[in-house]
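Okay, structure first, notes after.
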Amino acid sequence: MTDTTPPARKPARPFFSSGPCAKPPGWSPDKLATESLGRSHRSKLGKARLAYCIDLIREVLEVPETHLIGIVPGSDTGAVEMAMWTMLGQRPVTTIAWESFGEGWVTDALKQLKIDPTVIRADYGELPELAQVDWSHDVVFTWNGTTSGVRVPDGDWIASEREGLSIADATSAVFAQDIAWDKTDVLTFSWQKVLGGEGAHGVLILGPRAVERLESYTPEWPLPKVFRLTKGGKLIDGIFRGETINTPSMLAVEDAIFALEWGKALGGLSAMKARADANAAALDKLVQDRDWLGHLAADPASRSNTSVCLTVEGADTDFIKKFAALLEQHDAAYDIAGYRDAPPGLRIWCGATVDTADIEALGPWLDWAWAELS
């Protein structure tokens with residue numbers, strides 16, 4: 001190690017984890033509404049707060065009235081698996097993977113549901129050739145690859161006249177990137193990513209074609225209670241009014257409401273996207289100014305503006321662990337090592353709950369850690 005002096009200025013909020021992510025600026029637990037705590041989620045108050053949370057999601061995320069919004073168990077993973085277990089099997093399936101979570105949906109389709117999907121893959125840092133997709137299939141994909149920093153640039157590649165369903169895991173894309181709702185039959189996310197909310201709960205958004213599938217098709221495999229979205233061949237529509245399948249944490253719900261109200265007061269979706277874009281631009285400037293840093297996602301058109309993954313010259317897994325631990329030890333940056341299955345590197349969250357000034361303040365600390373360990 002070189003004996004160098006740490007920078008004087010630290011990020012005010014060094015929370016750069018890609019999930020759970022930074023809380024919204026100004027957040028503190030005493031600011032959460034607590035009247036619903038200790039009450040039944042099926043009480044008038046409990047149902048009202050759950051419905052209010054859903055209404056805020058629709059307003060801030062600009063979800064059209066054609067789509068239903070439900071709060072479901074199991075975080076984003078639960079929401080994706082709920083969609084896969086209840087809707088797949090009627091027609092051929094394509095799964096698209098360019099990072100670990102996409103590979104997880106490949107595994108679910110192939111080894112758990114045993115439906116032998118067509119798999120389209122790309123290496124970390126790259127986007128598959130989306131023109132290969134056959135839209136007579138149901139298609140499962142990640143809108144933004146959280147562990148690779150690669151996103152789909154838009155929804156133009158999704159066929160308007162598709163026969164199959166488009167099922168999008170968009171947990172690190174929503175509130176930061178444009179969603180083509182007319183091309184999206186199923187979309188999932190969790191509060192713990194771009195909203196900086198608490199985990200354990202997922203959000204499942206269904207378009208009309210997904211509802212039609214649920215009401216006209218019954219899969220051959222058994223469904224656990226927490227996956228069941230229909231009864232007697234009809235959608236259980238109460239789920240999409242806040243009558244959750246199982247007991248939710250009302251504290252997590254109130255935390256999500258705080259984040260959504262923050263986003264609304266900020267200026268809504270456009271303001272949240274602008275903050276993410278500004279953060280990603282500030283981080284890109286840090287990369288451009290340092291020859292030892294690079295982007296894992298080489299193509300700016302498909303580079304994430306939330307989970308930005310960086311390469312570090314000559315770094316292996318051990319070096320990255322030491323690098324991230326050194327910055328955490330000095331409270332300069334928390335949780336910035338890349339995902340365990342990804343190539344060794346850094347991953348820095350740039351979503352709307354992060355302040356651009358903190359991204360800028362991170363630069364000298366990256367330099368310091370590099371000098372210390374090189």
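Tell me the Kirkwood radius of region 102-153: reciprocal of the mean inverse pair distance over distinct alpha-carbon atoms, in Å. Here the Kirkwood hydrodynamic radius works out to 11.9 Å.
Taking N as the number of residues in region 217-374, what is its Cα Rg relative to 2.2 N^0.38 Å? Here the Cα radius of gyration is 1.39 times the empirical estimate. Averaging 1/r across all pairs of distinct Cα atoms in region 182-234 and inverting the result yields a Kirkwood radius of 13.0 Å. In terms of its alpha-carbon gyration tensor, region 12-73 comes out oblate; a/c meets the 1.5 threshold, while b/c is at least as large as a/b. Using a probe of 1.4 angstrom and keeping all protein chains present, the accessible surface of the chain works out to 41 square angstrom per residue. How much of the accessible area of region 308-361, in percent, comes from carbon and sulfur atoms when a 1.4 Å probe is used? Exposed carbon and sulfur together represent 44 percent of the surface. Within the chain, all pairs of alpha-carbon atoms sorted by distance into 10 Å bins from zero give the percentages 5, 24, 31, 24, 12, 3, 0, 0.
Computed over protein heavy atoms with a 1.4 Å probe, the carbon and sulfur contribution to the accessible area of region 226-272 reaches 53%. Extent along the principal axes, Cα only, for region 117-206: 37, 29, 24 Å, with the longest axis given first.
Quick one: plug the Kirkwood hydrodynamic radius of region 146-249 (C-alpha pairs) into Stokes-Einstein at 37 °C, 0.692 mPa s, and report D in µm²/s. Estimated diffusion coefficient is 212 µm²/s.
Helical runs (DSSP H, four residues minimum) scored at -39500 (n - 2.57) apiece and divided by the length of the chain put the mean residue ellipticity at 222 nm at -10000 deg cm²/dmol.
Once Rg and the Kirkwood radius are both taken over the C-alpha atoms of region 237-310, their ratio Rg/Rh works out to 1.18. To the nearest 10 degrees, how steeply does helix 250-266 sit against the main Cα axis of the chain, on a 0 to 90 scale? The answer is roughly 70 degrees. Hey, how much of the P(r) for region 222-270 falls beyond 17 Å, as a percent of Cα pairs? That tail contains 54 percent of the Cα-Cα pairs.
Relative to the dominant Cα principal axis of the chain, helix 317-329 is inclined by about 80°.
Each listed q (0.12, 0.18 Å⁻¹) maps to a log10 I(q)/I(0) for region 1-153, found by the Debye formula over equal Cα scatterers with no solvent: -0.78, -1.21.
The tail of the calculated P(r) for region 317-374, taken as Cα-Cα distances beyond 14 Å, holds 55 percent of the pairs. Relative to the longest principal axis of the Cα atoms of the chain, helix 44-61 runs at roughly 60 degrees. Computed with a 1.4 Å probe over protein heavy atoms only, the accessible area of residue 124 comes to about 60 Å².
The values are calculated or read from the model by the stated rules, or taken from the named source; none is laboratory data. What you are looking at is a predicted structure, and each value in this text was computed from that prediction instead of being measured. Only protein heavy atoms, including side chains, enter the accessible area calculation; ligands, DNA and RNA are left aside. Shrake-Rupley method; radii C 1.70, N 1.55, O 1.52, S 1.80 Å.
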